[in-house]
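The values are calculated or read from the model by the stated rules, or taken from the named source; none is laboratory data. In this text the structure is predicted, and so the values were computed from the model without any measurement. No Cβ is skipped: glycine too gets one built from the backbone with ideal geometry, and neighbour counts run over all protein chains shown. Side chains included, ligands, DNA and RNA excluded: accessible areas come from the protein's heavy atoms. Shrake-Rupley method; radii C 1.70, N 1.55, O 1.52, S 1.80 Å.
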Amino acid sequence: MRSRGVLKGLGYLGIFAFLLYGVSHVFFSRHQENSSLSRRVERTVDDTILKKLEGLELKVNKIVHVLEERQQQQPAGGEKKPPKKKVVKKLFPNSFLFSKWGNDLSEEEQKEAEQFFVHYGYNVFLSDRLPLNRSLPDTRPAKCASKKYPEDLPSISVVLIYLDEALSILKRAIRSIIDRTPAHLLKEIILVDDCSTNEDLKEKLDEYIDLIHKERPGVVKKVIHKERLGLSHARMSGWEAAVGDVVAILDAHIEVHTKWAEPLLARIKDDRTVVLSPVFDRVDYDTLEVIKYGTSAHAFDWQLWCMYESFRPEWYELKDDSAPGKSPSVMGILVADRKFLGEIGVLDEGMLVYGGENVELGIRVWTCGGSIEIIPCSKIAHIERAHKPYARDLSIPLKRNALRVAEVWMDEYKRNVLISWNLPLKDHGIDIGDVTERKKLRERLNCKPFKWYMDNVYPQLDTWEDLVGYGALRNDLSEKNCIDQGPVPGSVPILYQCHFYGPQSCYYRRRGEIYIGGIKSHKYNNNRCLVDPGEGHTPGLHDCKIAKEKGLHMHWDFKQGQAIKNRDTKRCLEIAQGADSYYHLIIQDCTGQHWTIQHLIQNA
Ligand SMILES: *[C@@H]1O[C@H](CO)[C@@H](O)[C@H](O)[C@H]1NC(C)=O
Ligand SMILES: [Mn+2]
């Protein structure tokens, strides 16, 4: 039995290696984006990756399990040690929920906990057993505790957006806001339910609201959508219902920290045109423990996935980690003067489902007369869910919403969004809805061009000025095959059956560089350049900066439908059939082969 287990384990290792290849390119490209700070990405860990990871974990857990079994069956010195305590059988060894939590649960409890977890994406079983008013560690920068704020601050309406949130999580959010916001400043808590399906958000929630109303009559209000409108629309309807001076639009799987509101309100009292974000701490979805996160700016890549970013150098020169920092955009949670937010167009109601609305807000606020800041002394603990209820694959709505942002706000840089989604510049065929109102808004507010934003607010973004072509790169001799970055880690590009995903995304720059396997959105990240090693027939793929330093042959002449010829060595990138009868990617003296890149940029 044991040997069969091991064999099985080896089989899984094979699948593991295969999956690792698939997943690694995703992580490879994401991680490169995350070089200078330890940036975290909430939305980028999309369902696709998680699904792959679930698969991976399944395999790994099984291998570990097999190995553990072997160890247990081979007691040292041949003696069997009596078990120390009764071991409860783990019913879900492959579930993320139980990887570091739940060892002492009975089988019944494990089933209940797992069922909740699959439904909600976080540990509802545990949440139901923790006090609603649990204390949180003080994770603020040291200076924050001694800061004094005026008594006389604008009032705040707190909007909580949710879709199928667990009741105890929502109650805890409400409890924390009531307990940690000065009563004279808290105007109301507005619950916006974007058409949840779970029953306990009905009577049971109302019972809790009644209880709250015994302390604070009328403080909780509800906005219930009869049909699902998506995140942007839900946030908008919360804003519409609000009457406070300031509106804070938050997720509902949060707990606010002590004195979270005062630094926000004081800042807006000083300047009504700043739109703010508190700093999130991570609440683990399994243990619900609060993990402190440092302060950083909120930004995005050219696909408009949001990501953490370093502040501008001026912030670091202050040497004060409690100081507000200017930021290109917000992650999603936002706090603003209610009327100012209205004047600049609140949020784009034409966004569907999920994603992009935060970037739209960032660009709009900056270019139309305001600015965005992160407030380090205002902290919010936020559960990073294992999966989100809005969509299985968040990239589909994000792509559509990103194109909308590009169309309205990005002028000539719109093409970078299309390029990064590997869409043609003309006739991409994706319905982005009606943008005339948003375009009118931009005109009415007399907003600055996107170039101004790039130059002054987010200069870390690479403008990709001299791109000539992008997408799959194919040879006439074998059109079902594409150039591919090859195994990762590794430095040899290959020819592989076309699938058109990231590993096969190629880019040709006018200065002669050919990137294989993706292009980085930010100047601080490096691309990987095709290189002729000068001898032998194996092409190389190396970090472009290193290739440049080492003086490798990394510049190529290429015109659509013609040869790819190295400017130094005059050799060509070609394909040739090996003894195995498959085509391989090689470098050799030019024989006149033809290459075609999927999308050409005219006038480049
Ligand atoms: C939570 O609430 C209970 C009941 O009101 C109270 O006894 C307890 O001290 C509170 N705990 C904290 C941490 O505030
Ligand atoms: Mn969230």
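Filtering the stretch 122-135 to residues that are more than 16 Å from ligand 2 (Cβ to nearest atom), surrounded by 17 or more Cβ atoms within 10 Å (Cβ to Cβ) and touching a residue at least 60 places away in the same chain (Cβ under 8 Å) leaves only 126.
More than 16 Å from ligand 2 (Cβ to nearest atom) and touching a Cys at 6+ places or on another chain (Cβ under 6 Å): does that describe residue 144? Yes, satisfied. Selection of the stretch 500-517 for residues being of a type in the set (Gly, Ala, Ser) and crowded, with 22+ Cβ neighbours inside 10 Å yields 505, 517.
Residue count for the stretch 312-342, restricted to those that are closer than 26 Å to residue 231 by Cα and either within 16 Å of ligand 2 (Cβ to nearest atom) or among the polar types (S, T, N, Q) (or both): 8. The requirement of being surrounded by fewer than 21 Cβ atoms within 10 Å (Cβ to Cβ), assigned to a helix (DSSP H, G or I) and within 16 Å of ligand 1 (Cβ to nearest atom) is fulfilled nowhere in the stretch 192-199; no residue meets it.
Let's see how each residue does on (1) in a loop (DSSP other than H, G, I, E, B); (2) within 22 Å of residue 381 (Cα to Cα); (3) within 16 Å of ligand 1 (Cβ to nearest atom):
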position: 184; (1), (2), (3): yes, no, no
position: 188; (1), (2), (3): no, yes, no
position: 208; (1), (2), (3): no, yes, yes
position: 213; (1), (2), (3): no, no, no
position: 218; (1), (2), (3): yes, no, no
position: 221; (1), (2), (3): no, no, no
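Summed over the stretch 234-288, the residues that are assigned to a loop (DSSP other than H, G, I, E, B) and either open to solvent by less than 20 Å² (accessible area, probe 1.4 Å) or more than 16 Å from ligand 1 (Cβ to nearest atom) (or both) give a count of 16. Only residues that are crowded, with 17+ Cβ neighbours inside 10 Å and either in a strand (DSSP E or B) or among the charged types (D, E, K, R) (or both) were counted across the stretch 480-495, and they come to 6.
Criterion first (aliphatic (A, V, I, L, M), within 16 Å of ligand 1 (Cβ to nearest atom) and surrounded by 21 or more Cβ atoms within 10 Å (Cβ to Cβ)) does residue 406 satisfy it? Considered against the rule, which asks whether it is aliphatic (A, V, I, L, M), within 16 Å of ligand 1 (Cβ to nearest atom) and surrounded by 21 or more Cβ atoms within 10 Å (Cβ to Cβ), residue 406 comes out as no. Restricting 224, 178, 161, 156 to those that are surrounded by fewer than 22 Cβ atoms within 10 Å (Cβ to Cβ) and touching a strand residue (DSSP E or B) at 6+ places or on another chain (Cβ under 6 Å) reduces the list to 224. Taking the stretch 302-324 as the range and being farther than 28 Å from residue 404 by Cα and either of a type outside the set (S, T, N, Q) or open to solvent by 10 Å² or more (accessible area, probe 1.4 Å) (or both) as the test, the residues that pass are 313, 314, 315, 316, 317, 318, 319, 320, 321, 323, 324. If you filter the stretch 375-388 down to residues that are in contact with a His (Cβ under 7 Å, 6 or more places away or on another chain) and among the aliphatic types (A, V, I, L, M), you find that the one that is nearest to ligand 2 (Cβ to nearest atom) is 383. Could you tell me whether the stretch 417-425 includes any residue that is under 29 Å from residue 311 (Cβ atoms), touching a residue at least 12 places away in the same chain (Cβ under 8 Å) and not aliphatic (A, V, I, L, M)? Yes, the conditions are met somewhere in the stretch 417-425.
Against the numbered list (1) at pLDDT 95 or above; (2) in a loop (DSSP other than H, G, I, E, B); (3) touching an Asp or Glu at 6+ places or on another chain (Cβ under 8 Å), residue 125 comes up short only at (2). With a requirement of 1 or more residues that are within 22 Å of residue 464 (Cα to Cα), the helices (runs of 4 or more DSSP H) lying completely within the stretch 300-375 that satisfy it span 357-367. Starting from residues that are under 23 Å from residue 114 (Cα atoms) and open to solvent by 40 Å² or more (accessible area, probe 1.4 Å), keep the ones in the stretch 388-403 and report whichever is farthest from ligand 1 (Cβ to nearest atom). It comes out as 393.
Filtering the stretch 338-362 to residues that are among the β-branched types (Val, Ile, Thr), touching a Gly at 6+ places or on another chain (Cβ under 9 Å), under 23 Å from residue 392 (Cα atoms) and open to solvent by less than 10 Å² (accessible area, probe 1.4 Å) leaves nothing. Within the stretch 445-474, restricting attention to residues that are assigned to a strand (DSSP E or B) and in contact with a Leu (Cβ under 8 Å, 6 or more places away or on another chain), the residue that is surrounded by the most Cβ atoms within 10 Å (Cβ to Cβ) is 469. Being of a type in the set (A, V, I, L, M), away from ligand 1 (no atom under 16 Å from the Cβ), closer than 21 Å to residue 233 by Cα and assigned to a loop (DSSP other than H, G, I, E, B) is a property that residue 430 has. Residue 204 fails exactly one of the following numbered conditions: (1) outside any helix (DSSP H, G or I); (2) of a type in the set (Lys, Arg); (3) in contact with a helix residue (DSSP H, G or I) (Cβ under 6 Å, 6 or more places away or on another chain). What is the number of that condition? Status for residue 204: all satisfied but (1).
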